[in-house]
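Nothing in this text is a laboratory measurement; each read-out follows from the coordinates by a stated rule. Everything numeric here is computed off the predicted structure, so don't read it as measured data. All Cβ positions, glycine included, derive from the backbone under ideal geometry; neighbour counts span all protein chains shown.
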Amino acid sequence: MNWYTEQWSNDCKFSIAYDKKIYSEQSSFQQINFYQGKEFGTFFTLDGLMMVNEKDEFIYHDMIVHPAFATNPNIKKVLIIGGGDGGTAREVLRYPNVEEVVMAEIDERVFRLCQQYLPVTARGVEEDSRMKLRFEDGLEYVRNAPDQSFDLILVDSTDPVSVGEGLFTKPFYKECYRVLNADGILINQHESPYFAEYAANMKKAHTKIKDIFPITHVYQYHMPTYPSGHWLFGFASKRLDPLKNLNVKAWEQFGLKTKYYNTNLHIGAFGLPNYVKEALNR
Ligand code: SAM
């Protein structure tokens, strides 16, 4: 039996059995590997870290997209930073009033290979006329974007190392603030509270966002194949609060069938365990 193994902390590893390695490539930015296994189906890794698999991707993609739309059902212009597998775009494109989705993904190879090997997330994304693909650094894209040009920014990035590092910095959050309109929302990959290395990244991201945005929250989701399984997104905005402005009726009128997200879960997701609250506020 072949095992894909990931180091989750100094003293903890996680393994998945796989039948075959489908594809492997060192792109200009990162090592991209695709595997085929039974428990999680096809999965791909970047620099030896799990990104997306067929079995649990719905959890991540539901949770990065739907809470923002349930808070502001009038979102029309969306910027996705990273997200090369297409799963985040797939969920955003389900909203009929979305007019434009820009995806700034630094590595075109991730997008092309997911189209080939991971249709569950990639299928149909490029063909949708509302989609604008930009294969460039998200940091650079935001720097050059006009003031108040987006309703929603979704940072669907890798961890704050290598190409993803700039997406966890204060100058980047500042640019996001400038580029968002008055009702704008920023959702970002916010790491995990459990293992020390990830918890330190969580705390750093939160401290920086709090300095820029007047409204900041953190919400949780459960992701079986990410370190510890307990992961977070950040919610930051200029005006809208994800709990006070939650519009259950408007969201339900979209009639979207979702496998993970619902509006009760939305409320619960913002209720954090005490140790996470303490770590964030320390
Ligand atoms: N769901 C995943 C997770 O959290 O593990 C993230 C998936 S998505 C594949 C992450 C993408 O972010 C990668 O394709 C990577 O190339 C992209 N990325 C990393 N840094 C970036 C940057 N500075 N600008 C644009 N895209 C970036």
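To check you understand DSSP bridge types, tell me what percent of the beta bridges within segment 57-281 (both residues inside) are antiparallel, rounded to 5. Don't skip to the answer; put the middle values down first.
Details: 13 of 32 bridges.
In segment 57-281, approximately 40 percent of DSSP beta bridges are antiparallel ones.
Report, in debye and to the nearest 20, how large the dipole of segment 172-259 comes out about its Cα centre when Lys and Arg carry +1 and Asp and Glu carry -1 on their Cβ. Working shown, then result.
Working: 12 positive and 7 negative charges, 34 e Å.
My answer is approximately 160 debye.
What whole-number distance in Å separates the alpha-carbon centres of segment 91-114 and segment 152-177?
So the two Cα centres are separated by 17 Å.
Residues in segment 163-186 near a label at Lys76, defined as backbone nitrogen under 19 Å from the 7 Å Cα→Cβ point?
179-186
Rounded, prolate or oblate for the chain? Axes are the square roots of the Cα gyration tensor eigenvalues, ordered a ≥ b ≥ c, and the cut-off for rounded is a/c under 1.5.
Details: a/c = 1.42, a/b = 1.24, b/c = 1.15.
Rounded, because the longest to shortest axis ratio a/c is under 1.5.
Lys and Arg at +1, Asp and Glu at -1: add these up for the other residues within a Cβ distance under 11 Å of Phe213 and post the number.
Working: positive: Lys174, Lys208, Lys210, Lys238, Arg239; negative: Asp211.
My count for the surroundings of Phe213 gives +4.
With springs only between Cα atoms under 10 Å apart, run a GNM on the chain and tell me which of Pro67, Pro224, Pro160 wobbles the most.
Of Pro67, Pro224, Pro160, the most mobile in the Gaussian network model is Pro224.
Please identify the trypsin sites (Lys or Arg not before Pro) of segment 32-100 that satisfy two criteria: DSSP loop assignment and at most 12 other Cβ atoms within 10 Å. Which are they?
Details: sites: Lys38, Lys55, Lys76, Lys77, Arg90, Arg94; in loops: Lys38, Lys55, Lys76, Arg94.
Here the sparse-neighbourhood loop sites are Lys38.
Where does each of Ser27, Ser15, Ser129 land when they are ranked from fewest to most other beta-carbon atoms within 10 angstrom?
Working: Ser27 15, Ser15 11, Ser129 6.
Ranking Ser27, Ser15, Ser129 by Cβ neighbours within 10 Å, fewest first, gives Ser129, Ser15, Ser27.
What net charge is computed for the residues neighbouring Tyr260, neighbours being all others with C-beta under 13 Å from the C-beta of Tyr260, Lys and Arg scored +1, Asp and Glu -1?
Working: positive: Lys55, Lys257, Lys259; negative: Asp56, Glu57, Asp62, Glu91.
Once all neighbours under 13 Å are counted, the net charge is -1.
Taking a ≥ b ≥ c as the square roots of the Cα gyration tensor eigenvalues, with a/c under 1.5 meaning rounded and otherwise prolate when a/b beats b/c, else oblate, which class fits segment 224-272?
Working: a/c = 2.41, a/b = 1.29, b/c = 1.86.
Oblate.
Is it possible to state the helix-based mean residue ellipticity at 222 nm for the chain, with each DSSP H run of 4+ residues giving -39500 (n - 2.57), the sum divided by total residues, to the nearest 500 deg cm²/dmol? What is it? Intermediate results must be reported in sequence, preceding the final value.
Details: 10 runs with 90 residues, N = 282.
Result for the chain, helices only: -9000 deg cm²/dmol.
Rounded, prolate or oblate: which one fits segment 2-52, using the alpha carbon gyration tensor with axes a ≥ b ≥ c (rounded when a/c is under 1.5, else prolate when a/b beats b/c, else oblate)? Each step should come with its number before you reach the end.
Numbers: a/c = 2.21, a/b = 1.09, b/c = 2.03.
Oblate shape, in that a/c is at least 1.5 and b/c is the bigger or equal ratio.
Taking the number of other C-beta atoms within 10 Å as the exposure measure, put Leu180, Leu272 in order starting with the fewest. Provide the component values of the computation, followed by the final result.
Numbers: Leu180 25, Leu272 17.
In order of increasing Cβ crowding within 10 Å: Leu272, Leu180.
Sort 170-177, 151-158 by the packing proxy (mean of other Cβ within 10 Å over each peptide's residues), most packed first.
151-158, 170-177
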